[in-house]
Each structure stands twice: as structure tokens, then as C-alpha cells.
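Student: Structure incoming, see below.
The values are calculated or read from the model by the stated rules, or taken from the named source; none is laboratory data. Since the model is a prediction, treat every value here as computed from it, not as a measurement. Heads up, the Cβs are rebuilt from the backbone with ideal geometry, glycines too, and the neighbour counts pull from every protein chain shown.
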Amino acid sequence: MEAKTEVEATSILPSLNGKTARSWRGIVPFTHLAREGRMTVTIGRRELLAALCSAAAAWPLAARAQQAGKTPRVGYIRAGTPHNDPFREEFVRGMRDLGYVEGRNVAYEFRHYGDDVESIPSLIGDLLRAKVDIIVVGGTAAIRAAQSATQSIPIVMGAAADPLESGVIGGLARPGGNTTGLSLMSAELAVKRLEILKQVMTKASYSASIKDMWYRSASFVDKILKGAKPADLPVQQGTKFEFVINLKTANALGLDVPPTLLTRADEVIE
């Protein structure tokens, strides 16, 4: 016969009221209620373990961090340098707009590998030793390194070139694994580029706004901290696009850029 353990329900279920108590009747056999304002139940060890494990699994990451008095720690790694990284500023601005303020309810660990891709694994190791809860990453090489280093810590891609083609995700709708985020490639982008090429063969570029994508990456961090799983968060694509024409290069090549194309440009480099 399985041993029974008598516990106070409030030690397992904070703020347990009558409604909550009814929802637990299938798990916990009650002995008596409302004794001196408390509730005592008799529960088998197996049921007790199952109840605790289910409750722990249901708590989102941020809730567990707050329960332990721990501020969520977000790791960040990409190319560039600490003093020349506009995308870092956009990411932090996005987090701040979602209510995350450094030093109050979030902590950051920033790492930059410049153009030295060989240093990436070491920097990823630094983030793991700092016990980050999420890694926000830029660049396919850094994404792969993060995936090799951990299969449990969520990874958010700030602006990946083509994560589906490179194989770092299983699909756009359901990326699988521990990685999600934003992709630069999209059907709209491909169509626009072909349209521009038909008009002029010059140093023109049309792409998703990378700053906007890094700003939006904060929303993935927010959702994961609130309990969402990366595997269930669809990878998003660019929604804001920038068209840049380099007139200096075009003139050097003896190419004429149609005035209609110039009026469509977000930036013209002269």
C-alpha cells in the first residue's frame, strides 16, 4: 500500500481558494477542509511528485526567475565592436519599449567578435558561463556556434540572411529546436530586387531594414521570457524595406539611373 503524505495545500498551491481546490479533486483526496482557516490534504507520494513537476513545467521562465529572485540575463553576440554597433542600440530600444530596463528587471551580456569568426565559440562560452537565459545572435556562423554549444538555452536570431537555406532552422512556421527569430529573405524582397535589376544594372540595393529587425528581435525575447518555446514561435521576415542607390558607383561605370528610380530610393549615395 502506497505511503501517504499529509501536507498543507498552501505549501504546494499558493493562493489556493475554493475554485482552485475543486480543480484539484481529481489529483488530491481531501480529508477535511477549513480547519482553523487552513486546508489539510492527504496525498500519495506519486501524486505529490506529479503535481510538483507539472506546476514547475507550467511556470514560464520569467516567473521562475522572479520566484528565485533572479533577474533574467540576456546574452547578445554579433559582429562589429562595442563602440560601433547600431543594431545593439535598436535591440535595447526594443526591449525598453516592452518594459525591460537594464539594472531593474533585465541584465545584458554583450559580446562582439568583430570580423574574427574564429573567436565566436569562445565568446559563446563566455555567455554560457555568465548563465544567460537567452542568447540573441547575429550572423550564420554565430548562430551555428550557439546551436553547437547549447540545445536548451533559447536562441533568437537578430537578422539571419537565410536561416532556412543554411539549415539552422527546420521551417519558417515551426523552426523546431531552440532557435527562432528573424530572416532577411522573403518573397517580396526577391520580387523587388528583380524589378530593380530590370530597370538599371547599377550599385543599387533593396533589402529589409536590419535595424528594424534587431528592434523586433526584442519581441521574441519577451515572448520566451513569458514562457513561449522557440520551436513554436514562427520565424518572421522583413516588413520594413530600404532601397539604396550608389550614384557614385553608377557614374563611374557610365550607367544612367532613371529619375523614377531615384525618387523611389530611401537613400542616394552621391
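Student: When residues of the range 68-109 are filtered for being in contact (Cβ under 8 Å) with a residue 40 or more places away in the chain and touching a helix residue (DSSP H, G or I) at 6+ places or on another chain (Cβ under 7 Å), how many remain?
Tutor: 14
Student: Further question: Please specify each residue of the range 119-130 satisfying the condition of being buried (at least 17 other Cβ atoms within 10 Å of the Cβ) and within 10 Å of Gly75 (Cβ to Cβ).
Tutor: Residues satisfying the conditions are Leu123, Ile124, Leu127.
Student: Inside the range 87-118, can you point out the residues that are surrounded by 11 or more Cβ atoms within 10 Å (Cβ to Cβ) and in a helix (DSSP H, G or I)?
Tutor: If the condition is that a residue be surrounded by 11 or more Cβ atoms within 10 Å (Cβ to Cβ) and in a helix (DSSP H, G or I), then Phe87, Arg88, Glu89, Glu90, Phe91, Val92, Arg93, Gly94, Met95, Arg96, Asp97, Val117 are the ones that fit.
Student: Among all residue pairs at least 6 apart or on different chains, which show Cβ distances below 6 Å where the first residue, located in the range 231-249, is over 20 Å from Ser209 (Cα atoms) and the second is among the charged types (D, E, K, R) and outside any strand (DSSP E or B)?
Tutor: Leu247/Glu270; Thr249/Lys203
For (1) under 25 Å from Glu90 (Cα atoms); (2) of a type outside the set (Asp, Glu); (3) at pLDDT 75 or above, each residue gets a yes or a no:
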site: Ser186; (1), (2), (3): yes, yes, no
site: Leu197; (1), (2), (3): no, yes, no
site: Gly227; (1), (2), (3): yes, yes, yes
site: Ala231; (1), (2), (3): yes, yes, yes
site: Thr239; (1), (2), (3): yes, yes, yes
site: Thr249; (1), (2), (3): no, yes, no
site: Leu255; (1), (2), (3): no, yes, no
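Student: How many residues, within the range 254-265, are of a type outside the set (Val, Ile, Thr) and either in contact with a Leu (Cβ under 9 Å, 6 or more places away or on another chain) or surrounded by 12 or more Cβ atoms within 10 Å (Cβ to Cβ) (or both)?
Tutor: The number of residues fulfilling the criteria is 5.
Student: Then there's this: Please state which of the following conditions Pro230 fails to meet, knowing it meets all the rest: (1) more than 20 Å from Met185 (Cα to Cα); (2) assigned by TED's automatic domain parsing to the domain that holds Ala160.
Tutor: So Pro230 meets the others, but not (1).
Student: Continuing with this model, one more query. Take the residues in the range 234-270 that are out of contact with any helix residue (DSSP H, G or I) (no Cβ under 6 Å at 6 or more places or on another chain) and among the basic types (Lys, Arg); name whichever of them is farthest from Lys223 (Cα to Cα).
Tutor: Applying the filter and picking the extreme gives Lys248.
Student: What are the residues in the range 135-158 that are touching a Gly at 6+ places or on another chain (Cβ under 8 Å) and buried (at least 24 other Cβ atoms within 10 Å of the Cβ), if any?
Tutor: Within the range 135-158, Ile135, Val136, Val137, Gly138, Ile155, Val156, Met157, Gly158 meet the criteria.
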